[in-house]
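Undergrad: Okay, here's the structure, questions in a sec.
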Amino acid sequence: MELNASVSAVVTGGASGLGEATARALAKKGVKAAIFDLQKERGQNVATEIGGIFCQVNVTSDESVAAGFRRAREAHGQERILVNCAGTANAIRTASRDRKTGEIRYFSAKDFDRIIQINLVGTFRCIAMSAAGMLALDPLASGERGAIVNTASVAAQDGQIGQAAYSASKGGVNSLTLVVARDLAQEGIRCNTIMPGLFNTPLLQGMPDHVRDALGAQVPFPPRLGNPAEYASLALEMIRNPYFNGECVRLDGSIRMAPR
């Protein structure tokens, strides 16, 4: 798919981190980008800077996501590109014992489900609604109607201690990738997923410098945290290359995560 002013995109989680970098990279190619995020002020600022539009969207709500797509399409027309970067994490052991008090706790299903609803169900909700809109488009010369890029994590394959919900949610994103690609293949809509490793996103930027440096040093090569622009580069290649379909690709400097 050629990236130019005739194409529009929706980027969830586009107000910061990997999503922001992708929205900016798309806009540099002339693509009209809509940012879906809960961070209103930051999202509006990014949208203004890239000449796009901001839609305050909660990916756990059918109504909120549908309203976001309506607003984006009124401004830019039906999107041919969807990049799912909205997500969150927590770190809770399945069951644990307080070393001081001896109190035994377990990871509640409510806290587990919250991560699943945002990372997995929210991703699928956006995929389904976007794909339904793409079906109404005429195919391009290549036969394509659209391209979808999701964000999983290396935790889908080597989750660390306390990442049961996060790993399950990202593993679910991996598992739906090929199925969605097959579901939509006859309509010319592709679906791929990126599994980032340790990236310099807001989640890590709040940590002290020495902690971030230590994390980056664990990466075999290059021995540093990933840059969001490197994620965006792969996302754009997945969108541009018509033979890229149904794949889950690690982007991690060859790191394999230890238990902790």
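Undergrad: Once phi is turned into ³J(HN,Hα) by the Karplus curve 6.51 cos²θ - 1.76 cosθ + 1.60 with θ = phi - 60°, what whole-Hz value does each residue of the range 199-216 show in order, with x for glycine and proline?
TA: Those phi angles translate into 10, 7, 10, x, 4, 8, 5, x, 7, x, 4, 5, 6, 5, 4, 5, 5, x Hz.
Undergrad: Taking neighbour Cβ counts within 10 Å as the exposure measure, how do Leu203, Leu120, Leu140 sort from fewest upward?
TA: Leu203, Leu140, Leu120
Undergrad: Compute the long axis of helix 40-50 from its Cα atoms, compare it with the longest principal axis of the Cα atoms of the chain, and write down the angle in degrees, 0 to 90, nearest 10.
TA: Its long axis makes an angle of about 50 degrees.
Undergrad: Loop-only check: which chymotrypsin sites (Phe, Trp or Tyr not before Pro) in the range 231-260 are DSSP coil with at most 10 other Cβ within 10 angstrom?
TA: Of the chymotrypsin sites (Phe, Trp or Tyr not before Pro), the ones in loops of the range 231-260 whose Cβ has at most 10 other Cβ atoms within 10 Å are Tyr243.
Undergrad: Based only on Cα atoms, what Rg/Rh ratio does the chain have, Rh being taken as Kirkwood's radius?
TA: My calculation of the ratio gives 0.98.
Undergrad: What FRET efficiency would be calculated for the residue pair Ser61, Leu203, taking the C-beta separation as r and a Förster radius of 22 Å, to the nearest 0.05?
TA: It comes to 0.45.
Undergrad: Could you rank the peptides 23-35, 146-158 by their average count of other C-beta atoms within 10 Å per residue, with the highest value first?
TA: 146-158, 23-35
Undergrad: Which angle between 0 and 90 degrees, to the nearest 10, do you get for helix 228-240 versus the longest principal axis of the chain when only C-alpha atoms count?
TA: 40
Undergrad: Tell me the label-point distance for the pair Glu74, Asp111, using the 7 Å Cα-to-Cβ offset, in nm and rounded to one decimal.
TA: 4.1
Undergrad: Now for a different question. Starting at the first residue of the range 184-191, write each ³J(HN,Hα) from the Karplus equation 6.51 cos²θ - 1.76 cosθ + 1.60 with θ = phi - 60°, in whole Hz, x for Gly and Pro.
TA: The phi angles translate into 9, 4, 5, 9, x, 10, 9, 9 Hz.
Undergrad: Tell me which lysines have Cα within less than 26 Å of Lys28's Cα, excluding those fewer than 8 residues away on the same chain?
TA: Partners found: Lys40.
Undergrad: Could you give the angle, 0 to 90 degrees to the nearest 10, between helix 17-28's Cα long axis and the longest principal axis of the Cα atoms of the chain?
TA: 20
Undergrad: By a straight-distance test (C-alpha under 29 Å), which lysines pair with Lys100 as possible cross-link partners, with residues fewer than eight away in the same chain excluded?
TA: Within reach: Lys110.
Undergrad: Please list the non-local residues whose amide H lies under 5 Å from the amide H of Thr193, H modeled 1.01 Å from N, same-chain partners needing a gap of 5 or more.
TA: Answer set, sorted by chain and number: Asn150, Glu247, Cys248, Val249.
Undergrad: Could I ask something else about it? So what J values fall out for the range 133-148 if you push phi through Karplus, 6.51 cos²θ - 1.76 cosθ + 1.60 with θ = phi - 60°, rounded to Hz, Gly and Pro as x?
TA: Values per residue, Gly and Pro as x: x, 4, 4, 7, 7, 6, x, 6, 4, 6, x, 7, 10, x, 9, 10 Hz.
Only the coordinates and a few stated rules stand behind these numbers; no lab work does. Every value quoted in this text rests on a predicted model; they were computed, and no experiment measured them. Reconstructed Cβ throughout: ideal geometry from the backbone, glycine too, with neighbour counts over all protein chains shown.
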